[in-house]
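K.L.:
Sharing a structure here in structure tokens format.
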2 protein chains.
Amino acid sequence: MYRTHTCGALNTEHIGNTVKLCGWVQRVRRLGGMVFIDLRDRYGITQLAFNEALNSSLCKAASELTRESVICAEGLVIERERHNTQLVTGQIELQVRAFELINAAQTPPFTIEDDTDGGEELRMQYRYLDLRRNPLRQKIELRHRITIAVRNFMNQLGFLEIETPVLIKSTPEGARDFVVPSRMHSGQFYALPQSPQTFKQLLMVSGFDKYFQIVKCFRDEDLRADRQPEFTQIDCEMSFVTQDDIITTFESLVQHLFFTIKQIQLEPFIRMDYAKAMSLYGNDKPDMRFDMLIHDLKPYLCGKGFSIFDTSEYVSAICVSGAAAFTRKQLDELNDWVKRPQIGAQGLAYCRILEDASFKSSVDKFYNSSDWQNVATFMKAQAGDLILILAGPKEQTQKALSELRLEMGTRMGLRSNSTFSCLWVTDFPLLEWNSGDPNLPESYRGRWHAKHHPFTSPKSEDIPLLKTNPGDVRANAYDLVINGVEIGGGSIRIHDAALQKQMFETLGFSAEVAEQQFGFLMHAFTYGAPPHGGIAFGLDRLCALFSGSESIRDVIAFPKNNSGRDLMIEAPSIISAEQLNELDLKIKS
Amino acid sequence: MYRTHTCGALNTEHIGNTVKLCGWVQRVRRLGGMVFIDLRDRYGITQLAFNEALNSSLCKAASELTRESVICAEGLVIERERHNTQLVTGQIELQVRAFELINAAQTPPFTIEDDTDGGEELRMQYRYLDLRRNPLRQKIELRHRITIAVRNFMNQLGFLEIETPVLIKSTPEGARDFVVPSRMHSGQFYALPQSPQTFKQLLMVSGFDKYFQIVKCFRDEDLRADRQPEFTQIDCEMSFVTQDDIITTFESLVQHLFFTIKQIQLEPFIRMDYAKAMSLYGNDKPDMRFDMLIHDLKPYLCGKGFSIFDTSEYVSAICVSGAAAFTRKQLDELNDWVKRPQIGAQGLAYCRILEDASFKSSVDKFYNSSDWQNVATFMKAQAGDLILILAGPKEQTQKALSELRLEMGTRMGLRSNSTFSCLWVTDFPLLEWNSGDPNLPESYRGRWHAKHHPFTSPKSEDIPLLKTNPGDVRANAYDLVINGVEIGGGSIRIHDAALQKQMFETLGFSAEVAEQQFGFLMHAFTYGAPPHGGIAFGLDRLCALFSGSESIRDVIAFPKNNSGRDLMIEAPSIISAEQLNELDLKIKS
């Protein structure tokens, strides 16, 4: 037996006991005739004491231990002279009689402390060392607690966790698939699932009624900030349900998690349809921790001779409470900010409402005090507020204004990560016109594209529009948005073979391709399919939210970098000629 | 809301209530002026009753429903005239007022009954229908209960479930990897993990102390009976442990599962070293539900003029209690059985001990009664027993005798699948000489090969043999065998960089290849690595064992067939020229 206790276990009850501890040398301190070592493991830190007077060679050996070395020490638990109230074990220390150096450590490439001096790339390369740091370790532990809580809650609700296959078939919808060449079937490939979508639907056709799975999914995308080629979903599906049933069920899951993990009791979540979210927030995943709603100012500011506004498709504003004190310099900087390519606005107009209720705007030439008074009344703006106005083409400017709203929320301190505001966004459009998403292969562009996925059910009253006006068809689809982050999304699915076929037609699939790719699903619908729907949560994002992490990389034990590489094991890598040969493959260039 | 109750929920307490039920039409019966429908869902069956006198058109519509159609029915819960004690809901029925045909089913390709008429291929193709059958559905439910029980038990023991990556690096050890071409890094590949081995070891280096994960693993093998290209492991690792600690911990897990899932309290498991298992059972995974030990008869049967025995390397026997009554015809058939290529013996000799304690053998020419008496005494054989003898080259004949033992166990009814005998086999050889396993690429043959894997620690007293006599080195490795099936296996790992390097040398890795493939692990060992070890259980096999299934396919929702194909979705399949292009790949032939 290597140890009798962990480094977080000993307290005054153990005084007088002889124990064995194992762990990592966090710190070595010499103090007069004593050497003290902080011995660390996952459970805590215990102080080891060596007395030169008692055993000078042992004391010397201890003093020579390098940081991060692994040792096993035996000794007597004694009371500390001065208690350390910061540590659970702070009342005792181990008077060491003997220790074994199990594994000597060379100097780590960065310090293993809560605040480290290591750069991100270096820490990715030595991820196993970075994971020793408390902040990261605690996030991985939190992730474990979240998944246990999810599973037990779902189990109590009667959901079955069922594993679906990882080696499936490549399908021409959504993002790019990762593919896996088959050695046994030359020239053929498996694909890795972007989600278990069709399988969970088949489980509903099988009658499993309530399914969930915490499951790895894969997407071969050009990685944007905070995406990973492999990510984890809490994937769920239910039969004989309406949108309301799903929302109620999974709102209870999320409330349970907040209560269990963070001891936060959440109010019932707000619900808002897509159209309203876009008009009030310019965004289908609004951050609801603060208001700062978007107001359409065309009726107030057009036709007054300011040609930029007069010729713009979209002229809208937000009111930032208490920001009238922004200096000219700050406002100029904000103007530069909105014009950055990532934001994409053409320029910023503003109006300050001063303490004396007078107005000072950047476009005073065109508008008088009464114009601004009307605007202020409409926007419920008050003395001390700042009105920020963007104008331009609708889609682009709406997006920019939404970004500006978030930026102002941050600057005004309205986005604390210990506040949580949960929102269901509903009634998404079923389809969107895909002009040129670079994440899609060429052949998928320039046609109607499923906003959620091709199995999403249109609202029954909108089905006739599928043929006449596809862009206006609303879906039985919903997202869960927390603090402006899309944490989950789902839909009621099509369960009728004919409607599914029509959907594929609308999406530009030939009958042959639809049959070849999704024939199994459409056939399944002819043998008795229940109405069904579901949702999938991004576990990585949920864990990042719960742990207050900036990046999902912090809650993944071994993440990949922004170009999809694992810097620690150096993957991807070349494979042998023999392997390629067996797969009947050749690298072209 | 589609339903107020499930089809397993109603009983006499609900009599008089108006309810809504949804489900599948299991059966339609006409009886006088009545129509009865068995409505089925995952939770049970409820009888729907339609009375022609009350509503003849409704009754007619009900009588025309096809099997497996999905309906939603509303009506009054009434007491049945005759209770059906076979059903939980057998005391009531639903007097239907109205129903909606949600999805009409065409005739399924096989009957959805406990005993179906469908062949295996057909049922694989329509897996979503096969999964509706009770026996299969119950196995998938059992699998869910097992994984929940595993997770909660491990959580209580302080293990953290940590996800390891699926897109990793191809390594030239073990079976073949499935690989995944990288689009972003042309000519490079990820590999799918055969196990999370190196990652879980790195988690120990990180200090996570106790890790587990229920995780998909992948092996590109020529599939033997009952293997799947993707399979699920309960993967575990612990720090600061000896072999004994691991065995104790995971014996408690398996006992917990048997108790929780099957209400069986198991005795402490037997432990036996590899050498003893091979000598007593001819097998490193003996079925311990019955004895029938192998006895070496060379001292008794050689040198008596029977040249086949005299010239054989191995002459051994088993004693089958109470089988002396086997007829000549049965024994001839058994002789044919052992000579089949799968068994590979050269022929069977036998000796029956008759009721009068006389002997009747197939080699009476060479042995007299006193010879057999000596054999019988040695083997503790009694009147009524049958001694079966095989002779030939050791390895091959030992294997054949082991197979014969299992076959006789089966024939004598000694292998009930409601009896469970658990065994730890320990002290496996560290290495085995790999002459030509067809599951390995050419380049891996004709050299020493790790029996478990290259990270397994040799017994410290055997380390000197690594250079002189590698085949004699024993490993700190152990398997858990239940009823002759290897359910789990593991080892104490190497945690010292120098020893790991030496191990790679013994396995014939050049220093460059070792560094390129496993440099990250050896480097990790220089920054403070704890002693560690672990185990992995085959979840599929465990579930098959618990559910009494012949094949692991029965406990996998969507399995692949013996050539690695998913017959339902038709994978693997060809991919588009555009996809190949983007991956910079070409199919050679």
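The values are calculated or read from the model by the stated rules, or taken from the named source; none is laboratory data. Nothing here was measured: the structure is a model prediction, and the numbers come from that model. Positions of Cβ are backbone-derived with ideal geometry, glycine not excepted, and every protein chain shown enters the neighbour counts. Just the protein is used for accessible areas: all its heavy atoms, side chains included, with ligands, DNA and RNA removed. Shrake-Rupley method; radii C 1.70, N 1.55, O 1.52, S 1.80 Å.
K.L.:
Among the residues of the stretch A:220-234, write down those that are closer than 20 Å to B:Leu192 by Cβ, in contact with a strand residue (DSSP E or B) (Cβ under 7 Å, 6 or more places away or on another chain) and more than 9 Å from chain B (Cβ to nearest Cβ).
P.N.:
A:Phe231, A:Gln233
K.L.:
Looking at A:Gly347, is it in a loop (DSSP other than H, G, I, E, B) and in the same structural domain as A:Phe306 (by TED's automatic domain parsing)?
P.N.:
Answer is yes for this residue.
K.L.:
Also: Quick check: is even one residue across the stretch A:120-129 more than 30 Å from A:Asn562 (Cβ to Cβ), in a loop (DSSP other than H, G, I, E, B) and either within 14 Å of another protein chain (Cβ to nearest Cβ) or open to solvent by less than 10 Å² (accessible area, probe 1.4 Å) (or both)?
P.N.:
Checked the stretch A:120-129: no residue is more than 30 Å from A:Asn562 (Cβ to Cβ), in a loop (DSSP other than H, G, I, E, B) and either within 14 Å of another protein chain (Cβ to nearest Cβ) or open to solvent by less than 10 Å² (accessible area, probe 1.4 Å) (or both).
K.L.:
Report, by residue number, each residue of the stretch A:540-575 that is assigned to a loop (DSSP other than H, G, I, E, B) and hydroxyl-bearing (Ser, Thr, Tyr).
P.N.:
Within the stretch A:540-575, A:Ser549, A:Ser551, A:Ser563 meet the criteria.
K.L.:
With (1) surrounded by 22 or more Cβ atoms within 10 Å (Cβ to Cβ); (2) more than 7 Å from chain B (Cβ to nearest Cβ); (3) more than 20 Å from B:Tyr128 (Cβ to Cβ); (4) not small (Gly, Ala, Ser) as the list, and A:Phe189 as the residue in question, which single condition is left unmet?
P.N.:
(2)
K.L.:
Right, here's the next one. When you look at A:His495, is it in the same structural domain as A:Phe240 (by TED's automatic domain parsing) and farther than 26 Å from A:Gly538 by Cα, yes or no?
P.N.:
Against the criterion (in the same structural domain as A:Phe240 (by TED's automatic domain parsing) and farther than 26 Å from A:Gly538 by Cα), A:His495 does not qualify.
K.L.:
Anything in the stretch B:130-153 that is within 24 Å of B:Tyr43 (Cα to Cα), more than 7 Å from chain A (Cβ to nearest Cβ) and over 20 Å from the mean Cα position of the chain (by Cα)? List them, or say none.
P.N.:
Once the filter is applied, which keeps residues that are within 24 Å of B:Tyr43 (Cα to Cα), more than 7 Å from chain A (Cβ to nearest Cβ) and over 20 Å from the mean Cα position of the chain (by Cα), the stretch B:130-153 yields B:Asp130, B:Arg133, B:Asn134.
K.L.:
Might you check whether a residue that is in the same structural domain as B:Asn483 (by TED's automatic domain parsing), within 23 Å of A:Pro193 (Cα to Cα) and in contact with a Leu (Cβ under 6 Å, 6 or more places away or on another chain) occurs anywhere in the stretch B:187-199?
P.N.:
yes
K.L.:
Another question about this same structure. Looking at A:Glu578, is it within 9 Å of another protein chain (Cβ to nearest Cβ), more than 30 Å from A:Thr426 (Cα to Cα) and part of a helix (DSSP H, G or I)?
P.N.:
Here the answer is yes, as A:Glu578 does meet what is asked.
K.L.:
For the stretch A:1-24, which positions are more than 10 Å from A:Ile45 (Cα to Cα) and of a type in the set (Phe, Trp, Tyr)?
P.N.:
A:Tyr2
K.L.:
For the stretch B:524-558, how many residues meet the condition of being within 18 Å of the chain's Cα centre (by Cα) and at the interface with another protein chain (Cβ under 8 Å from one of its Cβ atoms)?
P.N.:
Qualifying residue count for the region: 3.
K.L.:
In the stretch A:293-341, what residues are more than 22 Å from A:Ser279 (Cα to Cα) and touching a Ser or Thr at 6+ places or on another chain (Cβ under 8 Å)?
P.N.:
Across the stretch A:293-341, the qualifying residue is only A:Leu331.
K.L.:
Quickly run through the stretch B:73-111 and pick out the residues that are under 15 Å from B:Gly44 (Cα atoms) and modelled with pLDDT of 95 or more.
P.N.:
Answer for the stretch B:73-111, where residues must be under 15 Å from B:Gly44 (Cα atoms) and modelled with pLDDT of 95 or more: B:Thr89, B:Gly90, B:Gln91, B:Ile92, B:Glu93, B:Leu94.
K.L.:
Now, a different point. Hey, does the stretch B:154-167 have a residue that's within 7 Å of another protein chain (Cβ to nearest Cβ), in contact with a helix residue (DSSP H, G or I) (Cβ under 9 Å, 6 or more places away or on another chain), in a helix (DSSP H, G or I) and open to solvent by 20 Å² or more (accessible area, probe 1.4 Å)?
P.N.:
Yes: one or more hits.
K.L.:
With the structure loaded, tell me whether A:Glu570 is within 11 Å of chain B (Cβ to nearest Cβ), in contact with a helix residue (DSSP H, G or I) (Cβ under 8 Å, 6 or more places away or on another chain) and open to solvent by 10 Å² or more (accessible area, probe 1.4 Å) or whether it fails that test.
P.N.:
The answer is yes for A:Glu570.
K.L.:
Identify all residues within the stretch B:252-300 that are in a helix (DSSP H, G or I), hydrophobic (A, V, I, L, M, F, W, C) and either without any contact (Cβ under 8 Å) to a residue 40 or more places away in the chain or more than 19 Å from B:Ile343 (Cβ to Cβ) (or both); write none if there are none.
P.N.:
Residues satisfying the conditions are B:Leu253, B:Val254, B:Leu257, B:Phe258, B:Phe259, B:Ile261, B:Ala275, B:Ala277, B:Leu280.
K.L.:
For the stretch A:510-531, which residues satisfy the criterion of being without any contact (Cβ under 8 Å) to a residue 40 or more places away in the chain and either crowded, with 21+ Cβ neighbours inside 10 Å or assigned to a loop (DSSP other than H, G, I, E, B) (or both)?
P.N.:
A:Ser510
K.L.:
Now for a different question. Keeping to the stretch B:375-417, report how many residues are surrounded by fewer than 20 Cβ atoms within 10 Å (Cβ to Cβ), touching a residue at least 24 places away in the same chain (Cβ under 8 Å) and of a type in the set (Ser, Thr, Tyr).
P.N.:
1
K.L.:
Any residue at all in the stretch A:197-219 that's within 9 Å of another protein chain (Cβ to nearest Cβ), surrounded by fewer than 24 Cβ atoms within 10 Å (Cβ to Cβ) and modelled with pLDDT under 95?
P.N.:
no
K.L.:
Could you list, in sequence order, all residues of the stretch A:89-106 that are open to solvent by 20 Å² or more (accessible area, probe 1.4 Å) and under 11 Å from B:Gly528 (Cβ atoms)?
P.N.:
Listed by number, the residues that qualify are A:Leu101, A:Ile102, A:Ala104, A:Gln106.
K.L.:
Could you please let me know if A:Val70 is more than 29 Å from B:Leu157 (Cα to Cα), touching a strand residue (DSSP E or B) at 6+ places or on another chain (Cβ under 7 Å), within 14 Å of chain B (Cβ to nearest Cβ) and of a type outside the set (Lys, Arg)?
P.N.:
When the stated conditions are applied, A:Val70 does not pass them.
K.L.:
Taking B:Thr377, is it within 21 Å of B:Asp284 (Cα to Cα) and either at pLDDT below 95 or outside any loop (DSSP other than H, G, I, E, B) (or both)?
P.N.:
no
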